[in-house]
Amino acid sequence: ALIGATIFILLGLVLLVDFAHSWSETCLENWENSSNSNLWQWILIGSTGGMYAATIALTGVLYGFFAGSGCTLNRFFITFNLVLCIIITGLCIHPAIQDANPRSGLAQSSTVAAYCTYLIMSAVGNHQHAACNPLHNGQAQGTRTTTIVLGAVFTFLAIAYSTSRAATQSRAL
């Protein structure tokens, strides 16, 4: 199950990057084809900014609720995720990456950052140590249910996107 879960998470990440790239391409093409409207530019900027805002907000919540004293493992994973998010943001705007693919950018890295932060939130939210997990004491059943529903929705969307993408393009997964 551990190997299958790892493969599913990596496949979900690949699908998210593909979706973010397609979304960015669509927004850029529509912006370039529109004569005097900057609507698509603002949609792309807003969605990218929203993903980074969600990442920052979730990271703050994770530090606030799950990284108390004695919770060094949680603090390590939250900090490690934050460092990786900063690294992928820097890499996506690096000149070598931009030379190889000028259409790659912050939209893809913001999507990956938000997804990875969600995975960290899910992991620390399922941690059994009661002192490091305020959801474990039984009073936050709604939050646990919300996490399960979000995971199920993402799973459904990933499967739906992968099948529709494979049906419309021969080079897709």
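The values are calculated or read from the model by the stated rules, or taken from the named source; none is laboratory data. Computed from a predicted model, the values in this text were never measured in an experiment. As a convention, Cβ positions derive from the backbone with ideal geometry for all residues, glycine included, and neighbour counts pool all protein chains shown. The accessibility values were calculated without ligands, DNA or RNA, using every heavy atom of the protein model including side chains. Shrake-Rupley method; radii C 1.70, N 1.55, O 1.52, S 1.80 Å.
Out of Val61, Val17, which single residue is within 19 Å of the chain's Cα centre (by Cα), aliphatic (A, V, I, L, M) and closer than 20 Å to Val124 by Cα?
Values: Val17 fails: closer than 20 Å to Val124 by Cα.
None of the other options fit; the residue is Val61.
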Taking the range 71-115 as the region of interest, how many residues are part of a helix (DSSP H, G or I), closer than 16 Å to Val17 by Cβ and either touching a residue at least 60 places away in the same chain (Cβ under 8 Å) or open to solvent by 80 Å² or more (accessible area, probe 1.4 Å) (or both)?
11
Kindly list the number of the only condition in (1) free of Cβ contacts under 8 Å to residues at least 40 places away in the same chain; (2) assigned to a helix (DSSP H, G or I); (3) farther than 22 Å from Pro102 by Cβ that fails for Ser37.
(2)
Among (1) over 24 Å from Pro102 (Cα atoms); (2) open to solvent by less than 40 Å² (accessible area, probe 1.4 Å); (3) hydrophobic (A, V, I, L, M, F, W, C), Ile3 falls short only on (2)
Check on Phe65, part of a helix (DSSP H, G or I), of a type outside the set (S, T, N, Q), out of contact with any strand residue (DSSP E or B) (no Cβ under 8 Å at 6 or more places or on another chain) and at pLDDT 90 or above
no
